[in-house]
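Peer 1: The structure follows.
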There are 2 protein chains.
Amino acid sequence: MGSMADSLFEFFHSQMILYFEETFGEEQIQYNMEKIGYRVGFSLVEKATKEEARFKENVEIVKYICKDLWQMLFRKQADNLKTNHTGTFVIQDNRFRFLNRVSQSKQYLDRGQQYAAFTCGVVRGALTNFGMPCTVTSEVNVSPTCKFQISIQGIS
Amino acid sequence: MGSMADSLFEFFHSQMILYFEETFGEEQIQYNMEKIGYRVGFSLVEKATKEEARFKENVEIVKYICKDLWQMLFRKQADNLKTNHTGTFVIQDNRFRFLNRVSQSKQYLDRGQQYAAFTCGVVRGALTNFGMPCTVTSEVNVSPTCKFQISIQGIS
């Protein structure tokens, strides 16, 4: 039943993309998916950490994202985390689940950003709730690898 | 981690309601949530049953909804199924998960239909994919009990 629960989340996610495309046009998908994701991420952290001590270091928080948040979303951990130690972190997922369904089609490269936008929003919402306002962008290279670049605000 | 995956689905669901309310106004929530649900239900059945034999009787299909579809959505089965044997079925869930968060607040009665609309759509989409076009309405009585009434089209 686990895989069906995963499918439910995936179908919900992909139907939202389709809905936004039909309702507002393709150029609005990314904005809206990111917006919904932000709120989901913010709420998830609120619930997940309400009885835990807060983290002190930014790197601890980003590790929580790679490990625990990824586990909640995708039932696996992110594959790699890099930082330049000046407020930029890059999370890499070598088999990003939301790209599974689009990776074989020709429209893949155009679609990658749209299928990563919700997750960008979840990460931004989670980090904001941890007191780390930031921007999160995605980079889709070789299917189905996806990188999420986090730039912490106020750190240059 | 199971309960957090449940929370993810719940937060995604409730943030969609909030999104539709803010974007289109309260009166559009039910319509839009039902629409998304319909597509999710249609897709879920497509995947879940593609290697299974199709059912022959309507009642078998509705039992599949109560048992397997409910399990996918809520990790439990529905609590009761009634039929008048003339094309109407009533599925009852005594602890409908999407009502958990709204049941304590005063706005509960107004909100019930909105929080049931996605699931109405999932049921309608699933049944339509099984070749049973229908309408599905919800009835929220005593919190957090919810009834889903299915009226099969073309059967009076």
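Here, each number is a calculation from the coordinates, and none is a lab measurement. Nothing here was measured: the structure is a model prediction, and the numbers come from that model. In this analysis, Cβ positions are derived from the backbone assuming ideal geometry, glycine residues included, and neighbour counts consider all displayed protein chains.
Peer 1: Can you flag which of B:K47/B:K82; A:K147/B:K67; A:K47/B:K67; A:K47/B:K63 are past 31 Å Cα-Cα?
Peer 2: A:K147/B:K67; A:K47/B:K63
Peer 1: Ok, one more. With 27 Å as the cut-off, how large is the P(r) tail for chain B, expressed as percent of Cα-Cα pairs?
Peer 2: Working: 2367 of 12090 pairs.
Cα-Cα pairs of chain B separated by over 27 Å account for 20 percent.
Peer 1: Within a 10 angstrom radius of each residue's Cβ in A:11-21, how many Cβ atoms of other chains show up on average? Whole number is fine. If you can, show how the numbers build up before the last one.
Peer 2: Working: counts 11, 13, 2, 3, 10, 6, 0, 2, 5, 0, 0.
Other-chain Cβ atoms within 10 Å of each residue's Cβ, averaged: 5.
Peer 1: Still on this structure, I have one more. How much net charge surrounds A:V90 when only other residues with a Cβ under 9 Å from its Cβ are counted (Lys, Arg +1; Asp, Glu -1)? Can you show the working numbers first?
Peer 2: On the way: positive: A:K82, A:K147; negative: A:E139.
Its environment carries a net charge of +1.
Peer 1: Could you list log10 I(q)/I(0) for the protein assembly as shown at q = 0.14 Å⁻¹, which the Debye formula gives when each Cα is one point scatterer?
Peer 2: -1.09
Peer 1: Calculate how steeply helix A:108-129 sits against the longest principal axis of the alpha-carbon atoms of chain A, using the helix alpha-carbon long axis, and give the answer as 0 to 90 degrees to the nearest 10.
Peer 2: 30
Peer 1: Continuing with the same structure: For peptide A:41-48, compute the average count of partner chain beta-carbon atoms within 10 Å of each residue's beta-carbon.
Peer 2: Numbers: counts 3, 2, 7, 6, 0, 2, 6, 3.
Averaged over the peptide's residues, the number is 4.
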